[in-house]
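Enquirer: Following this message is one structure expressed as structure tokens.
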Amino acid sequence: MIGSKPVVCVTSSTNNAVFPEATREIQMTMAYCDAIYGAGGVPVVGAEHGAEELSELCDALLLTGGRDVEPGLYGEEVLNDTVKTDPPRTEFELALIRGFTARKKPIMCICRGVQMLNVALGGTLYQDLVEQCGYVHSDKDIRHYVYAEPGSILHELFGERFKTNSTHHQAIKQLAPGLKATAHSIEGIVEAFEHESLPIFGTQFHPERLSGKYNDGRTPDFTPLFRRFIANAGAYAEKQL
């Protein structure tokens, strides 16, 4: 905590998933950090160093979106050339997940983050949602309905049915042990989960792109979801004092 503000480790993307031979550069859309700061937290970019130290220093972890998770982690070969991965990022995020879950600190997952957490805990993915299921969920202009389960965080904050964006290439196939699906698309794709015993939740959609100044009026403003995350982080930090 810094004063009354929880410190949140925010993971970053890199250029190497698209340009593997280029000099490695850390990249991140500002929407993630804007959402964390706007909800009352202090964002710290992980920058692929010091996973154990960050797990000790920070009060919570935000696993952000990005390129695909390596199929080898869940026992599959690469399906086709649409699967673009970034192994150094994955290795760093696996270390962060181990560190934060060992300490039972809050984790929020978004898009790739949902997939990464699911695989880290023993779940599997659809590598290419279009080829394997025939569903297009990777268009930034799409807004589609999500159906939230009663008793879930999403249901409490936004009701049974609401619209979200849709910009993911992969999706959860089999949920990992300990995770429960808390929202689905009309096709049955898992759009959110919560952990049964740890302070972990995630959305397959991108709420940071639909919060505050980024909201375009076509969906709810998802700022309350980030406020819930920061409240969880603050509650954890208060217990350690």
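The values are calculated or read from the model by the stated rules, or taken from the named source; none is laboratory data. Not measured: the values here are computed from a predicted model. Every residue, glycine among them, receives a Cβ derived from its backbone with ideal geometry; neighbour counts consider all protein chains shown. SASA here: full protein model, heavy atoms, side chains in, ligands and nucleic acids out. Shrake-Rupley method; radii C 1.70, N 1.55, O 1.52, S 1.80 Å.
Enquirer: Condition (residue is without any contact (Cβ under 8 Å) to a residue 40 or more places away in the chain and hydrophobic (A, V, I, L, M, F, W, C)) applied to segment 177-186: is it met by at least one residue?
Expert: Yes: one or more hits.
Enquirer: When segment 11-44 is examined, which residues are found to be at pLDDT below 95 and aliphatic (A, V, I, L, M)?
Expert: The answer is 17, 18, 22, 26, 28.
Enquirer: If you don't mind, another one. Please go through (1) farther than 22 Å from residue 180 by Cβ; (2) touching a strand residue (DSSP E or B) at 6+ places or on another chain (Cβ under 8 Å) for residue 77 and return the number of the only condition it doesn't satisfy.
Expert: (2)
Enquirer: Show the residue pairs that are 6+ apart or on different chains and have beta-carbon atoms under 8 Å apart, the first residue being within segment 11-25 and over 15 Å from residue 83 (Cα atoms), the second being surrounded by 13 or more Cβ atoms within 10 Å (Cβ to Cβ) and of a type in the set (Asp, Glu).
Expert: Partner pairs satisfying both residue conditions: 11/93; 12/48; 13/86; 14/48; 14/86.
Enquirer: Residues that are of a type outside the set (A, V, I, L, M, F, W, C), in contact with a helix residue (DSSP H, G or I) (Cβ under 7 Å, 6 or more places away or on another chain) and open to solvent by 40 Å² or more (accessible area, probe 1.4 Å): does segment 97-113 have at least one?
Expert: There is at least one residue in segment 97-113 that is of a type outside the set (A, V, I, L, M, F, W, C), in contact with a helix residue (DSSP H, G or I) (Cβ under 7 Å, 6 or more places away or on another chain) and open to solvent by 40 Å² or more (accessible area, probe 1.4 Å).
Enquirer: If residue 152 passes every condition in (1) free of Cβ contacts under 8 Å to residues at least 60 places away in the same chain; (2) open to solvent by 10 Å² or more (accessible area, probe 1.4 Å); (3) over 30 Å from residue 22 (Cα atoms) but one, which one does it miss?
Expert: (2)
Enquirer: Can I ask one more? Looking at (1) free of Cβ contacts under 8 Å to residues at least 24 places away in the same chain; (2) closer than 23 Å to residue 24 by Cα, which is the only condition residue 54 fails?
Expert: (1)
Enquirer: Restricting to strands (runs of 3 or more DSSP E) lying wholly in segment 168-241: which have 3 or more residues that are over 19 Å from residue 29 (Cα atoms), open to solvent by less than 10 Å² (accessible area, probe 1.4 Å) and modelled with pLDDT of 95 or more?
Expert: Output list reads 190-195.
Enquirer: Moving to a separate point now. Quick one: how many residues across segment 156-167 are assigned to a helix (DSSP H, G or I) and of a type outside the set (D, E, K, R)? I'd like the intermediate steps shown before the answer.
Expert: Residues of segment 156-167 that are assigned to a helix (DSSP H, G or I), as a first pass: 156-158.
Retained after the next criterion (residues that are of a type outside the set (D, E, K, R)): 157-158.
So the count comes out to 2.
Enquirer: Does residue 44 satisfy being out of contact with any Asp or Glu (no Cβ under 6 Å at 6 or more places or on another chain), open to solvent by 30 Å² or more (accessible area, probe 1.4 Å) and either closer than 25 Å to residue 126 by Cβ or not hydrophobic (A, V, I, L, M, F, W, C) (or both)?
Expert: Working: out of contact with any Asp or Glu (no Cβ under 6 Å at 6 or more places or on another chain): yes; open to solvent by 30 Å² or more (accessible area, probe 1.4 Å): yes; either closer than 25 Å to residue 126 by Cβ or not hydrophobic (A, V, I, L, M, F, W, C) (or both): no.
Here the answer is no, as residue 44 does not meet what is asked.
Enquirer: Tell me yes or no: at least one residue of segment 57-69 is surrounded by fewer than 20 Cβ atoms within 10 Å (Cβ to Cβ), touching a residue at least 12 places away in the same chain (Cβ under 8 Å) and either out of contact with any Pro (no Cβ under 6 Å at 6 or more places or on another chain) or not hydrophobic (A, V, I, L, M, F, W, C) (or both).
Expert: Let us first name the residues in segment 57-69 that are surrounded by fewer than 20 Cβ atoms within 10 Å (Cβ to Cβ), namely 57, 67.
With touching a residue at least 12 places away in the same chain (Cβ under 8 Å) added as a condition, the list becomes 57, 67.
From what is left, the residues that are either out of contact with any Pro (no Cβ under 6 Å at 6 or more places or on another chain) or not hydrophobic (A, V, I, L, M, F, W, C) (or both) are 57, 67.
Yes: one or more hits.
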